[in-house]
Amino acid sequence: MNGLMLGTWVNSGLDGDMRRPSGRVPSAFALGHNVANQADVEIVIRRLVEAGGTLLREADAPPHGGFRGYVADPDGHAWEIAWNPAWRIDERGLVTFGV
């Protein structure tokens, strides 16, 4: 799928992870952007906020591993910016699972 992945969450889990109510069901969602390095999470979040986004959650390490934070774009859509150490992202932006 050229790097596109779909993940599903129970609505209450998504609300807690992005630290805001997700709105009416079934429209609750967050878009995700995976980066190649842990440091890139904070860089991308900072750039999005500088471009008019709203910080929803500072980058931190969730209990399941990795590193992530949330930003709302100017239209209010939530974006998770994430780094997962188990996912390799190649020069084309394609994700490979595993080590």
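The values are calculated or read from the model by the stated rules, or taken from the named source; none is laboratory data. Please read these numbers as outputs of a predicted model, since none were measured by experiment. Positions of Cβ are backbone-derived with ideal geometry, glycine not excepted, and every protein chain shown enters the neighbour counts.
At a glance:
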{"item": "Inter-residue pairs, beta-carbon under 6 Å, first more than 14 Å from Pro62 (Cβ to Cβ) and in region 79-99, second of a type in the set (Ser, Thr, Tyr) and at pLDDT below 85, 6+ apart", "result": "Arg88/Thr96"}
{"item": "Yes/no for His77 being exposed (fewer than 10 other Cβ atoms within 10 Å of the Cβ) and at pLDDT below 90", "result": "no"}
{"item": "Residue that is out of contact with any helix residue (DSSP H, G or I) (no Cβ under 7 Å at 6 or more places or on another chain) and in contact (Cβ under 8 Å) with a residue 40 or more places away in the chain, where the choices are Ala36, Ala61", "result": "Ala36"}
{"item": "Strands (runs of 3 or more DSSP E) contained entirely in region 34-99, each with at least 2 residues that are under 26 Å from Ser22 (Cα atoms) and among the hydrophobic types (A, V, I, L, M, F, W, C)", "result": "54-60, 67-72, 78-83"}
